[in-house]
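S.K.: Once you've had a glance at the structure underneath, I'll fire off some questions.
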Amino acid sequence: MILPSGQSTGWTVTSGEGGDSVTRVYHRCHFCGGEVVEQRVTVDYRWGDTFLVVIRHVPAGVCQVCGEQYLKAEVVKEMEKVAHSQEEAKEVLRIPVRELKVA
């Protein structure tokens, strides 16, 4: 789910031995009510039926119960830039394509 700018998050500042740290705080999951925690995830960015780019280390809120991922609009815009960049890929994967045959 893509979140509009600033809608579903807040910030918490924690002071500790290593200094202050800032953590993004998410509201509860829209679907199951579970706790949503910031994590780094891997996203399969698709454009149409033939364009696929795997983007790693994407900051997202992830529901600890159902796994729903919440991406901020700013993050999605940055992903679009990365996906369509002419910069050489860090890695190229070979991905099999299969079809489901339903009776």
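S.K.: Taking 22 Å as R0, compute the FRET efficiency from the Cβ-Cβ separation of Lys81 and Val25 and round it to 0.05.
M.R.: Computed FRET efficiency for Lys81 and Val25 comes out at 0.25.
S.K.: Let me check the size of the stretch 39-103 from its C-alpha atoms; what are the radius of gyration and Dmax in Å?
M.R.: 14.2, 44
S.K.: Among Leu100, Leu52, Leu71, Leu93, what is the fewest-to-most ranking by other Cβ atoms within 10 Å?
M.R.: Leu100, Leu93, Leu52, Leu71
S.K.: At a Cα cut-off below 24 Å, give the lysines reachable from Lys81, other chains included and same-chain residues fewer than 8 away excluded.
M.R.: Within the straight-line cut-off, Lys81 pairs with Lys72, Lys90.
Every number here is computed from the coordinates shown, using simple stated rules; none is lab data. Everything quoted here is computed from the prediction, not taken from an experiment. Note: ideal-geometry Cβ built from the backbone for every residue, glycine included; neighbour counts use all protein chains shown.
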